[in-house]
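Below is one structure, written out as structure tokens, with a few remarks after it.
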Amino acid sequence: MPKHPVTMAIRALRAGDVPFTPHLYPWEPRGGTAASAAALGVDEHAVIKTLIFEDDRRQPLCILMHGDREVSTKNLARAIGTKTVAPCTPEVADRHSGYQIGGTSPFGLRRQMPVYLQRTIADLPAIYINGGARGFLVQIDPKDLVRVLAPTLVDAAQ
């Protein structure tokens, strides 16, 4: 197996003593979680998207969602107590997170921001989440994600 990159996400996982299994795959622009799930032969529901949004005060936030589900902006805004939330443009998301779109990880974010986790993700036996580079996922126990990131659990799926 080729060596995996050592990204800020990998450094954060190591610092948090999070056991992980690296998975490299051929990244496809606009392939999303369907392409990564197919490449790894795993259920897309267990592939977690890391999305950078902004609230009505233009403050960034990170929302983690199942690959096969969409974020309801109404449900998310209601859950976090703000009027509106919206996805950032790719350029703004890159600036907030320090990662390129397609390689955004909730671990090792450049800018500190609140992290929200779709509640049902915490119940999965294992998840596949971006390791900080395009074409690179790490398999971890969601309990470790909760322990290290201390996200707020929300019901934000459509």
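I need the shape label for region 82-158. Rule: rounded when a/c is under 1.5, else prolate if a/b > b/c, else oblate, with a, b, c from the alpha carbon gyration tensor. Here region 82-158 falls in the oblate category.
Net charge within 14 Å of G131 by Cβ-Cβ distance, Lys/Arg positive one each and Asp/Glu negative one each, not counting G131 itself? For residues surrounding G131, the net value is +4.
Computed over the chain, the per-residue total of -39500 (n - 2.57) for DSSP H runs of n ≥ 4 gives a 222 nm mean residue ellipticity of -7000 deg cm²/dmol, rounded to 500. Simple point charges give the picture: +1 on the Cβ of Lys and Arg, -1 on the Cβ of Asp and Glu, and for region 8-154 a dipole about the Cα centre of about 460 debye. Coordinate range of the alpha-carbon atoms in region 1-44 per principal axis, descending: 30, 21, 19 Å.
Compared with the direct C-alpha span, the chain from R95 to D141 gains 13.7 nm at full extension, assuming 0.36 nm per residue. Each of A122 and A150 was given a label point 7 Å from its Cα along the Cα-to-Cβ line. The distance between the two points is 1.4 nm. Cross-link partners of K74 among lysines, defined as those whose alpha carbon lies under 30 angstrom from its own and excluding same-chain residues fewer than eight positions apart: K49, K83, K143.
Highest mean first, the peptides 131-140, 13-22, 92-101 sorted by other C-beta atoms within 10 Å per residue fall in the order 131-140, 92-101, 13-22. Remark: region 27-107 carries a charge dipole of roughly 340 debye about the Cα centre, counting +1 on each Lys and Arg Cβ and -1 on each Asp and Glu Cβ. Applying 0.36 nm per residue to the separation of A34 and T73 and subtracting their alpha-carbon distance, the gain on full extension is 11.9 nm.
Each value in this text was obtained by applying a stated rule to the coordinates, not by laboratory testing. It should be emphasised that the depicted structure is a prediction, and the values quoted were computed from it without experimental measurement. Ideal geometry is used to build each Cβ from the backbone, glycine not excepted, and the neighbour counts take in all protein chains shown.
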